[in-house]
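S.K.: Structure in structure tokens, see below.
Rule-based calculations on the coordinates, nothing more; no lab input. Predicted model only: the values in this text are computed from it and were never measured. So basically every Cβ, Gly included, is an ideal-geometry build from the backbone, and we count neighbours across all protein chains shown.
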Amino acid sequence: MTRPVLVPILGDQLTRDLAAVRGRTKDDTVILMMEVWDEATYVKHHKQKIALIFSAMRHFAEELRHAGWTVDYVKLDDADNAGSFTGEVARAIEEHSPRLVSVVEAGEWRVREAMDQWADKFACEVEILRDDRFICSQAEFDEWAKDRKELRMEFFYREMRRQAGLLMDKDGKPEGGEWNYDSENRKPPKDGLSAPERPKFEPDAITREVIELVEERFGEHFGSLENFAWPVTRDEAEEAADAFFAERIECFGPYQDAMVAGEDDLFHSMLSTSINLGLLDPLELCHRAEQSYQDGKAPLNSVEGFIRQIIGWREYVRGFYWHQMPHLRHANALDAQRGLPEFYWTGETDMACLADCIRTTRDNAHAHHIQRLMVLGNFALLAGIDPHEVQDWYLVVYADAYEWVELPNVAAMILYADGGKLASKPYAASGNYINKMSNYCSGCTYSPSKKIGEGACPFNPLYWHFMHRHRDRLEKNPRIGRIYSTWDRMGDERQQDYLDSAEAFLASLEPARPGWARND
Ligand code: FAD
Ligand code: DLZ
Ligand code: SF4
């Protein structure tokens, strides 16, 4: 092959439809895939997350080779592993003398910064292509965001619906007359609510080899590998999607916000890992969802809810990330300074809701949205945990976590650290909300109906402590201001009891020991 095109494919770009691969010819292209230490260690990822990415990468390299592509695959344990994307690309340039390096833009700021140096570093032309797996380009997002003080997902989502033509009637109106059916998607779980089990994928030889590597090299990282059952190939991911559309999408909408102890997936799709890796095409999934509605197999509120999560939230947080970086990483509008409690890593807490959410996180490298938002996130918000520590935790513990999607959800959605650009108000809630939307409280040593004192749910005093300490900022917010009339009506003594109770609880929290999230 004389002076081929070198196409580096990153671990979350695993599709033959990638812009850098599409249109290339096999006899003129060298594909480069790299397991590198920089990526595996910049935070101490959950063991399942590393195993998933390496296994999916190795399977994808095999698929490409079978299809006739030339693939240079660098394994983590290769003796001459250069340790970084830049180091490996440099080595491949030396070996193949390519006439062009063609790569799709990285999803994360950290990697994009390194990539931007390649053209200067290498004596070879470098092109960085737009990642068109996202419907909305950054230029389009920036144009939409320009001159807006608040960047509300809802308005962005309507644009995306129009652009994609999803759930639009022939007069250009939203199907059913409304853009958003969220009010129908808040059904509390009824007794004994359970969902059909999702397909679990038994590790094959490639996955088993990777699991062994991870145990050996990253054995002290958070999380268990025992339950590893993620789809690692396109075929498996499609099987997982088939099962969702056949068995769970019908109830996805109504029970989207429900939580049931031990029911880890409920009616969620469990497809985020596959979408983020590139194994599934997000738009195709939305078309399948729309088809389920047209075929009468799923109600509009379920289908609209699912489509909104993907062309709404997913596209929106990605645009928001690039629009707000790099300062988003350091945003701390509420000046939260407390260390993350140790129980986020050990799960050892008497608070049954948190214990269950941390258990599923440890066992499955997954928790569903409302667990991430209204239990784990709500606690971090109310307790005033330092955003950097919360960001690190979320980036480490979930198999679907990449900074472009984790950071906006953590800094802006749960912690309000951006001062309200993303969310119109903090998602703060007392024990009442968790009690209504889950069965956690019936198995808890605390009681959600007890407000103060022995046995009171800690979310209750923490909620008022949070509202009290941020009164200056939040009182003017029309969506929250009226809460202060309730607070004022309580009288000084009751208020002081709440504040003392919260202070005593906060003082009892053991801060996490260093070394869980990052190597020193
Ligand atoms: P479903 O409930 O079936 O939803 C369908 C799809 O919609 C998901 O697969 C996902 O692609 C998309 N989606 C839904 N909500 C969001 C959202 N808020 N942002 C972006 N995409 C969304 N998602 C990640 O992929 N990676 C993360 O690192 C991540 N971190 C999060 C951190 C916090 C604090 C919160 C509140 C949410 C986070 N999410 C993240 C979003 C969401 O929780 C997960 O996408 C979802 O739980 C994945 O499970 P699922 O595939 O069953 O989702
Ligand atoms: C998350 C991750 C990990 C743990 N390891 C690798 C790796 O060794 N090689 C690789 O190509 N990608 C890995 N990834 C995913 C990357 O972090 C991700 O592709 C980029 O950071 C996105 O910008
Ligand atoms: Fe969580 Fe409070 Fe309910 Fe216990 S009582 S499960 S801490 S909300």
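S.K.: Could you tell me the convex hull volume per residue, in Å³, taken over the Cα atoms of the range 5-129?
M.R.: 102 Å³
S.K.: Still on this structure, I have one more. Starting from the Cα of Arg489, step 7 Å along the direction of its Cβ; do the same at Glu454; then give the gap between the two resulting points in nm.
M.R.: According to this spin-label approximation, the distance is 3.0 nm.
S.K.: Separate question: What's the extension gain from Arg152 to Met1 if we count 0.36 nm per residue and subtract their Cα-Cα distance?
M.R.: 49.3 nm
S.K.: Oh, and also: Among Asn301, Ala352, Gln324, whose Cα sits farthest toward the positive end of the charge dipole of the range 282-354 (+1 at Cβ of Lys/Arg, -1 at Cβ of Asp/Glu, about the Cα centre)?
M.R.: Most positive-ward Cα: Gln324.
S.K.: By per-residue mean of other Cβ atoms within 10 Å, what is the highest-first order of 340-352, 396-408?
M.R.: Details: 340-352: 18.2, 396-408: 23.9.
Ranked from most to least packed, the peptides come out as 396-408, 340-352.
S.K.: Quick check: pseudo-label points 7 Å beyond the Cα along Cα→Cβ at Ser447 and Lys200, how many nm apart are they?
M.R.: The modelled label-to-label distance comes out at 3.8 nm.
S.K.: What angle do you read, to the nearest 10 degrees and between 0 and 90, between the alpha-carbon axis of helix 153-164 and the longest principal axis of the chain?
M.R.: It is inclined by approximately 40 degrees.
S.K.: Take the chain, drop everything but the C-alpha atoms, weight them equally and run the Debye formula without solvent; then report log10 I(q)/I(0) at 0.06, 0.08, 0.12 Å⁻¹ to two decimals.
M.R.: Once normalised to I(0) and log-transformed, intensities are -0.30, -0.53, -1.20.
S.K.: Any idea how far apart Asp363 and Arg469 come out in nm if each label point goes 7 Å out from Cα toward Cβ?
M.R.: Using points 7 Å along Cα→Cβ, the separation is 3.3 nm.
S.K.: Ranked highest first by the average count of other Cβ atoms within 10 Å around their residues, in what order do 431-438, 50-57 fall? The partial results should precede the final answer.
M.R.: Numbers: 431-438: 20.9, 50-57: 26.2.
In descending order of packing, they fall as 50-57, 431-438.
S.K.: For the Cα atoms of the chain, what angle does the longest principal axis make with the long axis of helix 387-397, in degrees from 0 to 90, nearest 10?
M.R.: Orientation of helix 387-397: about 60 degrees from the principal axis.
S.K.: What is the order of Tyr181, Tyr394, Tyr42, fewest Cβ neighbours within 10 Å to most?
M.R.: Tyr42, Tyr181, Tyr394
S.K.: Going through the cross-link list Lys187/Lys297; Lys75/Lys121; Lys190/Lys450; Lys149/Lys170; Lys44/Lys187, which pairs have a Cα-Cα distance over 27 Å in this structure?
M.R.: Flagged as over cut-off: Lys149/Lys170; Lys44/Lys187.
S.K.: Let me check I have the definition right: for the range 343-507, take the eigenvalues of the Cα gyration tensor, multiply each by 5, take square roots. What are those semi-axes in whole Å, largest first?
M.R.: 26, 20, 13
S.K.: Once the Cβ-Cβ distance between Thr25 and Glu159 is put in as r, and R0 is 41 Å, what FRET efficiency do you end up with, to the nearest 0.05?
M.R.: 0.65
S.K.: If we count other beta carbons within 10 Å of each Cβ, what is the order of Asp182, Asp132, fewest first?
M.R.: Sorted ascending by nearby Cβ count, the order is Asp132, Asp182.
S.K.: Let me ask another. Compute the acute angle (0 to 90°) between the alpha-carbon long axis of helix 205-218 and the principal axis of greatest extent of the alpha-carbon atoms of the chain; round to the nearest 10°.
M.R.: Taking the Cα atoms of the chain, the angle to 205-218 is about 60 degrees.
S.K.: Right, something else. Using the crude model of +1 on Lys and Arg Cβ and -1 on Asp and Glu Cβ, and no other charge, please compute the dipole size for the chain relative to its Cα centre, in debye to 20.
M.R.: The calculation lands at about 1620 debye.
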